[in-house]
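Undergrad: One structure is given below, represented as structure tokens, and several questions about it will come after.
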Amino acid sequence: MKTIAVTGAHGKAGRAAVTDLLAHGYSVHASDITGPVGRNSDLGCPTMRVDLTDYGQALQALSGTDAVVHLANIPEPGMYPPAETINRNTAANQNVFLAAAALRLERVVWASSETTLGLPFGGSDKAGERDGELHYAPVDEEHFPYPSSAYALSKVLGEQAAAHVSGWSGIPFVGLRISNIFAPEDYARVPGFWPDAPSRRWNLWGYVDVRDVAAACRNALEADTTGSENVIIAAADTIMDRPSSDLLDEVFPGLERHGTIRGHETLLSIKAARSLIGYRPAHSWRDGIAARGAGADERPE
């Protein structure tokens, strides 16, 4: 694979993915529904304005490429009415998947979501969400599907569509169940989370650095996989300065635990992503701010 289509290229993850792919010798054809395009693009590669809810435009965005990293979607609940969220995300995903099949691309990598696993856990004040079901921790790929919002349902439907289109076409698909994305400049606000553990219970205190999301996209492009696979993409640690088992004791007492939970390790398991696509998160909030509190300087491998 030499030329990669990146949709949603002006988003936080999209920009990082374009930068990472270009740095690793790929050619990139970028697209988004917003942001500067053509000669005004600031992405360092050809950039087109595309509405992926239109199949013809999706086909054009992927033409002339070897594979696609599909990151364009409404990114969270509450931004639009639930029906609009599910309709637009589902249309965009299925148009990209079908265009990839029609063009016989070599691989599809796309942004699913941690919310397919049941988030938000233990209550949320976000619009369009209800309490999810949490059965055990760390949460892994078997904790699926429990969509608790129209947004999460759009991603579950995307995973089902990916499985079928992959089966019809023989194209490998990899869905990335991405956690809450943080850029380096976001880490200054992390200490504000620490006094109130319940405030971040909704995703088991998970997060992921945007640079690791970009690397995961490239890992998934280069991995030797078949069929349609979906893996959790999160940091190796939680966003909190307390041991993960202590957080569970306080907020989810009595919850079933799978295996030994050590130190500050993530409660969104990345074992499958490590095994399947070679994902190795290289960044942590601990690199971005001065560590404070007992054990805050300990970083999981």
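The values are calculated or read from the model by the stated rules, or taken from the named source; none is laboratory data. In this text the structure is predicted, and so the values were computed from the model without any measurement. We place every Cβ from the backbone using ideal geometry, glycine too, and count neighbours over all the protein chains shown. Areas reflect the complete protein model, heavy atoms only, side chains present, ligands, DNA and RNA absent. Shrake-Rupley method; radii C 1.70, N 1.55, O 1.52, S 1.80 Å.
Undergrad: Is it the case that region 80-93 has a residue that's in contact (Cβ under 8 Å) with a residue 12 or more places away in the chain, touching a His at 6+ places or on another chain (Cβ under 9 Å) and over 18 Å from Leu52 (Cβ atoms)?
TA: No: zero hits.
Undergrad: Here's another thing I want to ask about it. Among the residues of region 208-223, is there at least one that is within 17 Å of Val139 (Cα to Cα), surrounded by 19 or more Cβ atoms within 10 Å (Cβ to Cβ) and in contact with a strand residue (DSSP E or B) (Cβ under 7 Å, 6 or more places away or on another chain)?
TA: Residues of region 208-223 within 17 Å of Val139 (Cα to Cα): 208.
Going one step further and asking which of them are surrounded by 19 or more Cβ atoms within 10 Å (Cβ to Cβ), we end up with 208.
Then drop every residue that is not in contact with a strand residue (DSSP E or B) (Cβ under 7 Å, 6 or more places away or on another chain), which leaves 208.
The answer is yes, given that some residue of region 208-223 is within 17 Å of Val139 (Cα to Cα), surrounded by 19 or more Cβ atoms within 10 Å (Cβ to Cβ) and in contact with a strand residue (DSSP E or B) (Cβ under 7 Å, 6 or more places away or on another chain).
Undergrad: Only residues in region 18-35 that are under 15 Å from Leu221 (Cβ atoms) and part of a loop (DSSP other than H, G, I, E, B) count as the first member; pair them with residues that are open to solvent by 70 Å² or more (accessible area, probe 1.4 Å) and not β-branched (Val, Ile, Thr), Cβ under 9 angstrom, at least 6 apart or cross-chain, and list the lot.
TA: Taking only residues 6 or more apart or on different chains, the pairs are Gly25/Lys2; Tyr26/Lys2.
Undergrad: Continuing with the same structure: Looking for whichever is free of Cβ contacts under 8 Å to residues at least 12 places away in the same chain, assigned to a loop (DSSP other than H, G, I, E, B) and open to solvent by 10 Å² or more (accessible area, probe 1.4 Å) here; the options are Glu142, Glu185. Which one fits?
TA: Numbers: Glu185 fails: assigned to a loop (DSSP other than H, G, I, E, B).
Selected residue: Glu142, the only one of Glu142, Glu185 that is free of Cβ contacts under 8 Å to residues at least 12 places away in the same chain, assigned to a loop (DSSP other than H, G, I, E, B) and open to solvent by 10 Å² or more (accessible area, probe 1.4 Å).
Undergrad: If a residue must be open to solvent by 50 Å² or more (accessible area, probe 1.4 Å), within 20 Å of the chain's Cα centre (by Cα) and of a type in the set (D, E, K, R), how many such residues does region 5-46 contain?
TA: The number of residues fulfilling the criteria is 2.
Undergrad: Test Ala91 against the stated conditions and say whether it is at pLDDT 95 or above and not hydroxyl-bearing (Ser, Thr, Tyr).
TA: Values: at pLDDT 95 or above: yes; not hydroxyl-bearing (Ser, Thr, Tyr): yes.
Yes; evaluated as a whole, the condition is true for this residue.
Undergrad: Considering region 188-207 alone, what residues qualify as being aromatic (Phe, Trp, Tyr) and either surrounded by fewer than 16 Cβ atoms within 10 Å (Cβ to Cβ) or touching a strand residue (DSSP E or B) at 6+ places or on another chain (Cβ under 7 Å) (or both)?
TA: Going through region 188-207, the residues aromatic (Phe, Trp, Tyr) turn out to be 193-194, 202, 205, 207.
Listed by number, the residues that qualify are Trp202, Tyr207.
Undergrad: Turning to a different aspect of this structure: Inspect region 1-14 for any residue being assigned to a helix (DSSP H, G or I) and within 14 Å of Arg218 (Cβ to Cβ) and give the result as yes or no. So that I can check it myself, show each step before the final result.
TA: Residues of region 1-14 that are assigned to a helix (DSSP H, G or I), as a first pass: 12-14.
With within 14 Å of Arg218 (Cβ to Cβ) added as a condition, the list becomes 13-14.
The answer is yes, given that some residue of region 1-14 is assigned to a helix (DSSP H, G or I) and within 14 Å of Arg218 (Cβ to Cβ).
Undergrad: Among what's in region 76-92 and is over 19 Å from Val165 (Cα atoms) and within 16 Å of the chain's Cα centre (by Cα), pick the residue that is surrounded by the most Cβ atoms within 10 Å (Cβ to Cβ).
TA: So, considering only residues that are over 19 Å from Val165 (Cα atoms) and within 16 Å of the chain's Cα centre (by Cα), the one surrounded by the most Cβ atoms within 10 Å (Cβ to Cβ) is Pro77.
Undergrad: May I pose another question? Residue check, Trp168 against (1) surrounded by fewer than 16 Cβ atoms within 10 Å (Cβ to Cβ); (2) hydrophobic (A, V, I, L, M, F, W, C); (3) in a strand (DSSP E or B), all met but one. Which one?
TA: Evaluating Trp168 over (1) surrounded by fewer than 16 Cβ atoms within 10 Å (Cβ to Cβ); (2) hydrophobic (A, V, I, L, M, F, W, C); (3) in a strand (DSSP E or B) leaves (3) as the failure.
Undergrad: Please verify whether region 55-62 includes one or more residues that are among the small types (Gly, Ala, Ser), part of a helix (DSSP H, G or I) and surrounded by fewer than 18 Cβ atoms within 10 Å (Cβ to Cβ). Walk me through it before giving the result.
TA: Residues of region 55-62 among the small types (Gly, Ala, Ser): 56, 58, 61.
Still in the running and part of a helix (DSSP H, G or I): 56, 58, 61.
If we keep only those that are surrounded by fewer than 18 Cβ atoms within 10 Å (Cβ to Cβ) as well, we get 56.
Yes; the residues of region 55-62 include at least one that is among the small types (Gly, Ala, Ser), part of a helix (DSSP H, G or I) and surrounded by fewer than 18 Cβ atoms within 10 Å (Cβ to Cβ).
Table: residues versus (1) at pLDDT 95 or above; (2) open to solvent by 20 Å² or more (accessible area, probe 1.4 Å); (3) over 14 Å from the mean Cα position of the chain (by Cα).
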| site | (1), (2), (3) |
| --- | --- |
| Val96 | yes, no, yes |
| Ala101 | yes, yes, yes |
| Arg107 | yes, no, yes |
| Trp110 | yes, no, no |
| Ser113 | yes, no, no |
| Thr116 | yes, no, no |
| Glu129 | no, yes, yes |
| Glu159 | yes, no, no |
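Undergrad: If you don't mind, another one. Determine, yes or no, whether Arg49 is without any contact (Cβ under 8 Å) to a residue 24 or more places away in the chain and either surrounded by fewer than 17 Cβ atoms within 10 Å (Cβ to Cβ) or among the β-branched types (Val, Ile, Thr) (or both). Can you show your working first?
TA: On the way: without any contact (Cβ under 8 Å) to a residue 24 or more places away in the chain: yes; either surrounded by fewer than 17 Cβ atoms within 10 Å (Cβ to Cβ) or among the β-branched types (Val, Ile, Thr) (or both): yes.
The answer is yes for Arg49.
Undergrad: Looking at the structure I just gave you, is Asn73 open to solvent by 20 Å² or more (accessible area, probe 1.4 Å), within 17 Å of the chain's Cα centre (by Cα) and at pLDDT 95 or above? Step through it out loud before you land on a result.
TA: On the way: open to solvent by 20 Å² or more (accessible area, probe 1.4 Å): yes; within 17 Å of the chain's Cα centre (by Cα): yes; at pLDDT 95 or above: yes.
Yes; evaluated as a whole, the condition is true for this residue.
Undergrad: Sort out which residues of region 259-301 are outside any loop (DSSP other than H, G, I, E, B), within 19 Å of Leu117 (Cα to Cα) and either modelled with pLDDT under 95 or not basic (Lys, Arg) (or both), and write them in order of number. Outline the logic, then answer.
TA: Looking only at region 259-301, we keep the residues that are outside any loop (DSSP other than H, G, I, E, B), and these are 265, 268, 271-277, 285-288.
If we keep only those that are within 19 Å of Leu117 (Cα to Cα) too, we end up with 265, 268, 271-274, 276.
Once the filter is applied, which keeps residues that are outside any loop (DSSP other than H, G, I, E, B), within 19 Å of Leu117 (Cα to Cα) and either modelled with pLDDT under 95 or not basic (Lys, Arg) (or both), region 259-301 yields Glu265, Leu268, Ala272, Ala273, Leu276.
Undergrad: Identify, please: which residue in region 224-254 is within 30 Å of Val6 (Cβ to Cβ) and among the polar types (S, T, N, Q) and is, among those, most open to solvent (accessible area, probe 1.4 Å)?
TA: Thr226
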